[in-house]
Amino acid sequence: MKQTVQFKLNGESIQIEVEPHLSLLQVIREKLELTGTKEGCGMGECGACTVLVDGKAINSCLFPILEVEGKSVTTIEGLIEADGTLHPLQRSFVENGAVQCGFCTPGMVLSAKALLDQHPKPTEKQIRLAISGNLCRCTGYIQIIRAIQAASEQ
Amino acid sequence: MTEFINVGKRIPKSDAQEKVTGKAIYIQDLKIPGMLWGKILYSHHPHARILNIDTSEAEKLPGVKAVLTGYNIPTIKFGFYKDNTPLKSNKVCSYRDEVAAVAAIDPDIAEEAINLIKVEYELLPPVFDPEEAMKEGAPLIHEDHLGGKEKKPTNILNIPWKLVAGDVEEGRKNSDYVAENRFKVTWVTHCCMGTSGCIAQFDPRDNLTIYSNTQIPSLAQRDFTEALSAMGLQGKKVRLIKATIGGAFGSKLDTYPYEYIAILLAHRTRKPVKIIFSREEEFFATSPRQAAIIDIAQGCKKDGTLTFRDVRMVLDNGAYTSWGATTPSVMMMPISSLYKVPHVRYVAKCVYTNNTYSQAFRGYGNPQATFAIESQIDSLAEMAGIDPLDFRLRNANTPGEVTPQRFKVGTCGLRECIDAVAQRLDWRQNRGKRDGRGVGMASLIHVGGGARVYKSDGCGTIIKVDDFGTVNVITGATDMGQGADTVIAQIVAEELGVRIQDVVVTHTDTDICPWDVGAHASRTTFVAGNSAKMAAKKVKEQLLEVASRSLGEVPENLEIRDRMVFSKIDPEKKSPLGKVLRAAHYTTGGKMVMAEYFYDPPNENLDKEFKGNLSVTYAYGTHGVEVEVDKTTGQVNILKYIAAHDVGRAVNPMLLEGQVYGGAAMGIGYALMEQLVLNNGKVINPDFRDYKILTASDIPTIEAITIETDDPFGPFGAKGIGEPGLVPTAPAIANAIYDAIGVRIKDLPITPEKILAALKGKDSK
Ligand code: FES
Ligand code: FES
């Protein structure tokens, strides 16, 4: 039996019919075709599927779709401005070499955004902790940490 | 020194904007109308005869479009040793053996159908230890595999890796000190964040299009063309299109059962079929770095001069053969040529077992061999009473040397690397205290100017310039995240004198792109870079030729900069580049500005004795580490990490540092925590909870030092850097641990448990 859920997605109100057992990730990627959010494990262990729910970074692969009712969800597609301007964090990732294969990148950027929204001037330790649930196999994290630092200094 | 405009600059990756905005399309994101989902049933046993496969229930499930087994498909043999098949009939030889496959209208139905297939097995005795598998009477993995002089059934592969140079016995006799040890390295896996996957699709004429993640588009195209022939589709075409690759690191240097299965399912159903691995499959059904047992002896004189190096290895090949079995060809490189050593012997055997089969993984055998060599160098230095730093400097390679394997050492910044590391670690001050803190170092040699593994080491480039001055570079190279596209664009922009943003690189489609041997051996910047540079040179000649007509100036006096062509002697004579091109096109007898170049470096295949100048130039580096070891918990804390590399020239220092950081991070994982645990052939830690890779909280600060030796063969002096970053990491850390607490761990990973056990052993002595 499908159920209706209503929530805000990247600033717009939406209402959809979904099978209640689906995860937020499945709905975003398959029903809404927003493929910027990645699935790296489907088990809450890699952070590739990170999105913001009411400003908090969560693993969308574990997040039951019905729980977003009435909440506000931000995916990577919601970060860029209407005129195509990149979010300062996105720009900083580009400029600091924080992106290699890019599979972890959307999740990384969103975890970083959740951090900076709460602590605009984080310590390096706070940065490391905030993205410690986001695995990256390419970069060794060094340039990602630098990118977040640089964005926080702007 | 020449002033470069694009080369040497920290230019962001050309696809970084797509990636930070979530717009890059990976194989996971691709959909084709009418597409079906494929799923694979794997073996439930490490070694068993298949008695019966009952697929009737699965076939009846609504939504299922095809069910395949080894019994209803044509025979396709593939792999380096042609011992693998897409679906196994007769018997299974490992837990990852593919027994059946399903195509269905959605992934859930495909999964359900897989669970409805019933397979009856008769268990066979398995063998998991390669040394056991070598013994007479051991269970045979492939009964029809014959070897040895008598051509008897055997688990030992007929690939006799043997390198002999000089006389090791003589070397041993002349040694004042000899160290002899056994080292062990185990399976580790690539952990690409984007799992494996593909989509196969046939057109009405039976030509195949396959969307793939491969690092070897041209060679994969050949593999799939052979498969089509085996399917009775001789003469049909294969087009391979790459999606954005979510990490590769060597894992995509071969073609795999799942790709052939997707092809077979697509052909059976006449519909596009997609297979995407779950993370669990990615852990147990892809091929890790090979496990090996390494017996090594090295000797030296009183003054520390190396006298010989003698290495024997047994490699666990697993049940089938991929490129893992050829890693000894690369292991020979550090064994013969890391430091000056006059007498060398290396013998390796690859042995079938009922374990998972192995593949290439960043470094291609070099990290395993270097772990043994460089750990033992420290032991030998200690025996001789020489500081390991001085020991290394005494034996360091130098330009102009020809190594026992007949490598011609050209530019070589090894000494500079060693010195840089020693200085940053304050070596003399910090070494030898045994107070729980210690320093260690280890060096590397790797191919830096391509590697002639195949008959060709070539890469093609096509460059064309459009009406508005946009330069389209169509390359055979593969960008898998490392930044090949960006580096190629920089090289072309530099050579042509155009702006980097006017260069567009295409690398994704075998119908369009020229041939290339693949993204392996850290060869892309060097080989694809040289290819692109030389194609750009030809294009520039054409451009200046065309411009000389409209400007009335000889080509030699013309230059291109900032979208303008101008005369170097008469500033009045200038024209926008776009205008020059339009003039070339809109003329009677007009001309298109376009050029191709196929660059195949002047390196050599190894001869029958495995000797020859494999690469045009070699990359060197030294890593240095300062650690603190907690003697009560066995925890290793890295306080300082220095990675110095001779890179020839850093075409893009930011991307280059990314390769070094990423490589070192993988290397730290290899040294301290990563291990694919196989229990009687079964991977028991197929997830990130139990297979730990470094997180942002674990990673130490890494300082990357680049030594530029400006290699005469490299594009603008550059050498390869893709793999070197993780080659010396494990021994550098092992050496630092020894310096800190006086125990030497000889099998990877160096876990706290092993450290505690070793400390205990030491105390009780
Ligand atoms: S996909 Fe959700 S944590 Fe990995
Ligand atoms: S950039 Fe590849 S996983 Fe992070």
Check your understanding: When residues of the stretch B:1-38 are filtered for being of a type in the set (D, E, K, R), open to solvent by 50 Å² or more (accessible area, probe 1.4 Å) and part of a helix (DSSP H, G or I), how many remain?
Key -> 1
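Answer yes if at least one residue in the stretch A:109-116 is of a type in the set (Ser, Thr, Tyr) and either in contact with a Lys or Arg (Cβ under 6 Å, 6 or more places away or on another chain) or away from ligand 1 (no atom under 16 Å from the Cβ) (or both), and no otherwise.
Scanning the stretch A:109-116, I find no residue that is of a type in the set (Ser, Thr, Tyr) and either in contact with a Lys or Arg (Cβ under 6 Å, 6 or more places away or on another chain) or away from ligand 1 (no atom under 16 Å from the Cβ) (or both), so the answer is no.
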Exercise for review: From (1) out of contact with any Cys (no Cβ under 9 Å at 6 or more places or on another chain); (2) at pLDDT 95 or above; (3) not in a strand (DSSP E or B), pick out the condition that doesn't hold for B:ASN354.
Suggested key: (1)
Exercise for review: Taking the options B:LYS88, B:LYS82, name whichever one is buried (at least 19 other Cβ atoms within 10 Å of the Cβ) and not in a strand (DSSP E or B).
Suggested key: B:LYS88
**Study point:** Criterion (open to solvent by 20 Å² or more (accessible area, probe 1.4 Å) and outside any loop (DSSP other than H, G, I, E, B)) met by exactly one of B:GLN376, B:GLN423
**Key:** B:GLN423
Revision key, fill the gap. Pairs returned, first residue in the stretch B:269-298 that is at positive phi, second residue that is at pLDDT 95 or above and part of a loop (DSSP other than H, G, I, E, B), beta-carbon separation under 9 angstrom, 6 or more apart or interchain, are B:ARG270/B:PRO204
Exercise for review: Could you check B:THR356 against (1) open to solvent by 10 Å² or more (accessible area, probe 1.4 Å); (2) closer than 30 Å to B:ALA66 by Cβ and say which number it fails?
Suggested key: (1)
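From the list B:ALA489, B:ALA451, B:ALA493, B:ALA442, exactly one residue is in a loop (DSSP other than H, G, I, E, B) and hydrophobic (A, V, I, L, M, F, W, C). Which is it? Walk me through how you get there before you give the answer.
Numbers: B:ALA489 fails: in a loop (DSSP other than H, G, I, E, B); B:ALA493 fails: in a loop (DSSP other than H, G, I, E, B); B:ALA442 fails: in a loop (DSSP other than H, G, I, E, B).
B:ALA451 is the lone residue from the list that is in a loop (DSSP other than H, G, I, E, B) and hydrophobic (A, V, I, L, M, F, W, C).
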Revision key, fill the gap. With the first residue restricted to the stretch B:190-214 and required to be without any contact (Cβ under 8 Å) to a residue 40 or more places away in the chain and farther than 23 Å from B:GLY476 by Cα, and the second required to be aromatic (Phe, Trp, Tyr) and within 16 Å of ligand 1 (Cβ to nearest atom), Cβ contacts under 7 Å at 6 or more apart or on different chains are none
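Determine which member of the set B:PRO153, B:PRO107 is within 16 Å of ligand 1 (Cβ to nearest atom) and either open to solvent by 10 Å² or more (accessible area, probe 1.4 Å) or farther than 30 Å from A:GLY47 by Cα (or both). Step through it out loud before you land on a result.
Numbers: B:PRO153 fails: within 16 Å of ligand 1 (Cβ to nearest atom).
Residue meeting the stated conditions: B:PRO107.
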Revision key, fill the gap. Restricted to the stretch A:32-56 and to residues being away from every other protein chain (no Cβ under 13 Å) and without any contact (Cβ under 8 Å) to a residue 60 or more places away in the chain, the residue most open to solvent (accessible area, probe 1.4 Å) is A:LYS56
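Residues of the stretch B:655-691 being part of a loop (DSSP other than H, G, I, E, B), in contact with an Asp or Glu (Cβ under 9 Å, 6 or more places away or on another chain), within 16 Å of ligand 2 (Cβ to nearest atom) and not hydroxyl-bearing (Ser, Thr, Tyr), which ones?
B:PHE688
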Practice item. Output the number of the condition that B:GLU541 fails; it satisfies all remaining conditions of (1) open to solvent by less than 50 Å² (accessible area, probe 1.4 Å); (2) closer than 27 Å to B:CYS459 by Cα. Key: (1)
Exercise for review: Kindly check whether there is at least one residue in the stretch A:35-58 that is more than 22 Å from B:GLY246 (Cα to Cα), among the hydroxyl-bearing types (Ser, Thr, Tyr) and in contact with a Phe, Trp or Tyr (Cβ under 9 Å, 6 or more places away or on another chain).
Suggested key: no
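For the structure I just gave you, tell me whether B:THR729 is polar (S, T, N, Q), open to solvent by less than 10 Å² (accessible area, probe 1.4 Å) and under 30 Å from B:THR617 (Cα atoms).
On the way: polar (S, T, N, Q): yes; open to solvent by less than 10 Å² (accessible area, probe 1.4 Å): yes; under 30 Å from B:THR617 (Cα atoms): yes.
Spelling it out, B:THR729 is indeed polar (S, T, N, Q), open to solvent by less than 10 Å² (accessible area, probe 1.4 Å) and under 30 Å from B:THR617 (Cα atoms).
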Practice item. Kindly list the number of the only condition in (1) in a strand (DSSP E or B); (2) open to solvent by 30 Å² or more (accessible area, probe 1.4 Å) that fails for B:PHE183. Key: (2)
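Residue under question is B:ASP223, and the condition is that it be of a type in the set (Asp, Glu), within 25 Å of the chain's Cα centre (by Cα) and surrounded by fewer than 24 Cβ atoms within 10 Å (Cβ to Cβ); does it hold? Write out each step before concluding.
Numbers: of a type in the set (Asp, Glu): yes; within 25 Å of the chain's Cα centre (by Cα): yes; surrounded by fewer than 24 Cβ atoms within 10 Å (Cβ to Cβ): yes.
Yes: the conditions hold for B:ASP223.
Name the residues in the stretch A:12-31 that are within 14 Å of chain B (Cβ to nearest Cβ) and either open to solvent by 70 Å² or more (accessible area, probe 1.4 Å) or among the β-branched types (Val, Ile, Thr) (or both), would you?
Start the filter on the stretch A:12-31 by keeping residues that are within 14 Å of chain B (Cβ to nearest Cβ), which leaves A:19, A:21-23, A:25-26, A:28-31.
Scanning the stretch A:12-31 gives A:HIS21, A:ILE28, A:GLU30, A:LYS31.
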**Study point:** Test set (1) crowded, with 16+ Cβ neighbours inside 10 Å; (2) away from ligand 1 (no atom under 16 Å from the Cβ) - A:ALA82 fails condition number
**Key:** (1)
Practice item. State whether one or more residues within the stretch B:172-190 are within 14 Å of chain A (Cβ to nearest Cβ) and within 16 Å of ligand 1 (Cβ to nearest atom). Key: no
Review point. Would you call A:GLY97 surrounded by fewer than 23 Cβ atoms within 10 Å (Cβ to Cβ) and either over 16 Å from the mean Cα position of the chain (by Cα) or more than 7 Å from every other protein chain (Cβ to nearest Cβ) (or both)?
Key: no
Practice item. Working only within the stretch A:100-129, note down all residues that are facing chain B (nearest Cβ under 10 Å) and without any contact (Cβ under 8 Å) to a residue 40 or more places away in the chain. Key: A:GLN100, A:CYS101, A:GLY102, A:THR105, A:VAL109, A:GLU124, A:LYS125, A:ILE127, A:ARG128, A:LEU129
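Just checking, which of B:LYS631, B:LYS608 is open to solvent by 10 Å² or more (accessible area, probe 1.4 Å), touching a residue at least 24 places away in the same chain (Cβ under 8 Å) and either assigned to a loop (DSSP other than H, G, I, E, B) or not small (Gly, Ala, Ser) (or both)?
Numbers: B:LYS608 fails: touching a residue at least 24 places away in the same chain (Cβ under 8 Å).
Going through B:LYS631, B:LYS608 in turn, just one is open to solvent by 10 Å² or more (accessible area, probe 1.4 Å), touching a residue at least 24 places away in the same chain (Cβ under 8 Å) and either assigned to a loop (DSSP other than H, G, I, E, B) or not small (Gly, Ala, Ser) (or both): B:LYS631.
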Revision key, fill the gap. Of (1) outside any strand (DSSP E or B); (2) of a type outside the set (S, T, N, Q); (3) open to solvent by less than 10 Å² (accessible area, probe 1.4 Å); (4) within 30 Å of B:TYR597 (Cβ to Cβ), B:GLY410 satisfies every one except (3)
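The values are calculated or read from the model by the stated rules, or taken from the named source; none is laboratory data. All figures in this text were calculated on a predicted structure; none of them were measured in a lab. As a convention, Cβ positions derive from the backbone with ideal geometry for all residues, glycine included, and neighbour counts pool all protein chains shown. Note: accessible area is taken over every heavy atom of the protein model, side chains too, but ligands, DNA and RNA are not part of it. Shrake-Rupley method; radii C 1.70, N 1.55, O 1.52, S 1.80 Å.
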